[in-house]
Each structure stands twice: as C-alpha cells, then as structure tokens.
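Q: Take this structure first; my questions come after.
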Amino acid sequence: MIAYILGWLVLLFANMPIAFTLGVVAVLFLWIEGGPFVSVPQRMVSGLDSFPLLAVPAFVVAGEIMNAGGITRRLFKFTQACVGHITGGLGHVNVMANVIVSGISGSAIAEAISIGTLIIKAMKDEGYEPKFAAALTAAACTIGPLIPPSIPLVIYAVIASASVGKLLIAGFVPGILVAIVLMVYVYFYARRRGLKPAPRMTWGELGLATKEAFWALMTPVIMIGGIIGGWFTATEAAATTAVYSLIVSMFVYREISWRDLPRILRVSALTTATVGFIIAAANLVNWVLAREQIPQALAESLLAFSDNPYVILTLINVLMLILGCFMEGMAIMILTVPVCLPVIQALGVDPVHFGVIVVMNLMIGLLTPPFGMGLFVVAKIGNVPFEVLAREILPFIPLMLLVLAICTYFPDLVLFFPRLFLD
C-alpha cells in the first residue's frame, strides 16, 4: 500500500490532475493485486449516486449567477456602510464582505477572485500596503467554505456519510471566530500605522446601501432558515438558492439576461464535472483502501498509541497541516478522511465535529507556502509577487491555528447550533 501512496504522490507532483492520479494508481494497484476490474466503473458510478451530492452543482450555479448579477458590488457597499468607519475600515470591509459572500459562493477561491479584485485596489487607494491588502484577502477568503453554503463540507459529508445539514450549520461558529480574530488584527494593524477610517455614513446612506443589498442578503437567510425550519433538506436548499438567485439577478437587479445563461451554465457544468470526476475516483480509492483493510490497520495503530481523542485529533491536525503545504485540499481530504474516520469514530468523536476540523485544515493549507493555492490566486489578482505575499501571510497563520485549536478542543462550540436546531 505504501507503493500505492508513493505512486500517487509522484503523479500528483508531476502535475497530473488529481482525479486521473487517483484513478490510474487505483487501477494499477488492482491489476498488480489481481483485483476485479469490473468493480472500477461500478465503484466510480456509485460514488456519484448520492442525493446530498446534488447540492454541489446547485451551489455552483447559484454562485455563478449571483457573481454575474452584480452582487459583489452591492455587498461591498453594504459592508462599507456598516463597518467602514471603524479603525482599519477597509480591512474590516474585506473580512465582512467575505462573511456575507460566503453565503453565496461556498468556495474560497471564488471568493478570493470576486472580492479580491475589488477590495485590494480600494485598500491600496486608502494607503494600505499592497502586500497587506493581498494577505488579508487571502486569509479572509478561507471563511467561505466554513459558513454555508460550503462545497468542501458537502463533499466531506458524502465521503463520511455524515449529515449535510448539520455540517453546514456547524461551520457558523468557526467562520465567525475566524472573522473576529482577523478584524482584531486589522484594528491593531491600522492603529500602529495611523490609518484613518472612512467617515461614518449617515443613516440615509446606510439605508440606501441596505436597500440595494437586501435581496442578496436574503440568500443565506432563505437557505439556512429553510434547513433549520425543516422546510427542505440541504440539497433542496441548494436548488432553492439557485432558483432564487436567478430570479433576483434577472428580474430585480437586471444585470444578466437570458443570453447570459448559456455561459453561466457552461462554466457551472465544467466546475461540477471536475468535482464529480474527483469524487468518482475518490470512491474507487476508498473501496481499494477498504478492500486492503488499511483504515482498520491505521485505527489499531493509532489506538495503540493513545486512546485520548484530543491527542489523536492533534496528530491528525499536524498531519493535515504538513500535507497542506504541498498538496491541494481535495487531495488531502480524499487521502485522509477515509483512513482517519474509523479512528475518530472509535474514540467517540462526532463526524460533524471532525468534518469542520478537516475543512479548517484545508483552508489553512490554502495559505501555507510553498504551494498554497489561495496565495497563487491572490498574488495574481493583487499584482503582488508570490514570495512577498508568502512572507506577509505568516502573521495570519497563527490566528487561523488559534481558531483551529479552539474548534478542536472545544467541540461543543462547533456542535452547538446543529444540536440546537437539528437534533
């Protein structure tokens, strides 16, 4: 099995797409071991035969529609009206805009592109160093996959057979904690450098900004309210969000037309197909791992080392953080979750709690050099050299690790809302 993992890593670092690396090495392993090849297409297709997984294309479509419909600009104005007058104003706007936009896109990279293009230029114009503006944008975009909708949490739910609704709601507290620590850091950064905030907006200006952003702000309210109220499942909530975003963008804001839909749907289809192919290949890998009893062997080894759940969670965190420096987040999830899940379940750790921890590790991985995808994207849109951004992001990583530690060792914080509304 070590040869399997090494072969997969070699292909991965050779820049072969992750879905192909998973499939190729799994098939080669079955061929060497004399496994049944007829199971390959069966396992890949069965990996996509999941009702919760339908939430992914719906969230992707909703995000594409809302981004094309002028939502980002309106949310930027709304957050500027709310927090732009606090010391570190545009930095707070950056963080709060990511909190709100997270209710639309569910993707860290999508947020970095949609928010970063606008906010980095605005922060530069207000006297912020370009490297700080880019680093804050990269750190703030990690909030998106924690606060629903969250594509990584949905994918984890499918892999772990966990509740999608509970996972989506469980991300609220960690997401808000990340926002708080980032805003505290921005406040003291601005004070040290004497950066002046924007003048406080009048009640009339605040009212106008709220009115313009009202329909956009209702998107997460409808989705989460529907799940909590029991009106629809997480998958149905995703479909409802997509339909709602289409109506708002076409008939309220009128910034997209019927002619724009083919392009939006084509982009959404490509994104969904990519994710779906990865999940299909991952299901094949999971079957190979289970066939070789790798998860059971690892569980026995870790449980022999310690039966303290917090010790094991700490070890898993360290492993994921190290992998996050070199690997893409989806690859880490596929590699670690099927193997680690039996261990944490044997220790009585809630899979929902573990799912949030996994996604938080993946988000930190977006920020860690040398291969943090979030750094590459923000460096490009912010026109900041990658090596400069990699140094500037370093003070933000301990802040993210602090929130990760809080969520790891205080599971009741993560599970409070799922227990309150869905148990």
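Q: Please turn the phi angles of the range 197-203 into ³J(HN,Hα) values with the Karplus equation 6.51 cos²θ - 1.76 cosθ + 1.60 (θ = phi - 60°), one per residue in order, whole Hz, x for glycine and proline.
A: Those phi angles translate into x, 6, x, 5, 6, 6, 4 Hz.
Q: Using the structure shown, list the pairs from K77/K131; K211/K380; K131/K166 with a Cα-Cα distance above 31 Å, or answer none.
A: K211/K380; K131/K166
Q: How far is it, in nm, from the label point at W231 to the one at L206 when both lie 7 Å from their Cα along the line to the Cβ?
A: 2.8 nm
Q: A further question follows. Could you give the angle, 0 to 90 degrees to the nearest 10, between helix 151-160's Cα long axis and the longest principal axis of the Cα atoms of the chain?
A: Compared with the principal axis, the helix lies near 20 degrees.
Q: Now, a different point. If you fit an axis through the alpha-carbon atoms of helix 18-33 and take the longest principal axis of the Cα set of the chain, what angle between them do you get, 0 to 90°, nearest 10?
A: 10 degrees
Q: Could you list the residues of the range 394-423 with an amide nitrogen less than 19 Å from a label point located 7 Å from the Cα of S306 in the Cα-to-C-beta direction?
A: 401-412
Q: While we're here: Using a 10 Å cut-off on Cβ atoms, rank the peptides 191-201, 268-278 from the highest mean neighbour count down.
A: Going by the mean number of other Cβ atoms within 10 Å, highest first, we get 268-278, 191-201.
Q: Which one, V384, L303, A281, is farthest towards the positive end of the dipole of the chain when Lys and Arg carry +1 and Asp and Glu -1 on their Cβ?
A: V384
Q: Also, I was wondering about something else. How do 139-149, 89-99 rank on mean C-beta neighbours within 10 Å, highest first?
A: Ranking, from highest mean packing down: 139-149, 89-99.
Q: Within 10 Å, count the other beta carbons around each residue, average over each peptide in 165-176, 218-229, 124-135, and list them highest first.
A: Descending packing order for the listed peptides: 165-176, 124-135, 218-229.
Q: Taking 0.36 nm per residue of sequence separation and subtracting the Cα-Cα distance, how much length would be gained by fully extending the chain between H85 and M373, in nm to one decimal?
A: Once the chain is fully extended between H85 and M373, it gains 100.5 nm.
Q: How much net charge surrounds P338 when only other residues with a Cβ under 15 Å from its Cβ are counted (Lys, Arg +1; Asp, Glu -1)? Present the calculation step by step, with values, prior to reporting the outcome.
A: Values: positive: R43, R291; negative: E292.
Neighbourhood net charge equals +1.
Q: Which whole-Hz couplings ³J(HN,Hα) result when phi for each residue of the range 280-285 is put into the Karplus expression 6.51 cos²θ - 1.76 cosθ + 1.60, θ = phi - 60°, listed in order with x for Gly and Pro?
A: The phi angles translate into 4, 5, 5, 5, 5, 4 Hz.
Q: Compute the separation of the alpha-carbon centres of the range 188-262 and the range 335-371 and state it in Å as a whole number.
A: 30 Å
Q: Considering only W231, W258, G175, whose Cα is most displaced toward the positive end of the charge dipole of the range 126-268, charges sitting on Cβ of Lys, Arg (+1) and Asp, Glu (-1)?
A: G175
Every number in this text was worked out from the coordinates using simple rules, so none of it is lab data. Note that the coordinates shown come from a computational prediction; the quantities given were computed from them, not determined experimentally. All Cβ positions, even for glycine, are placed from backbone atoms using ideal geometry, and neighbour counts span all protein chains on display.
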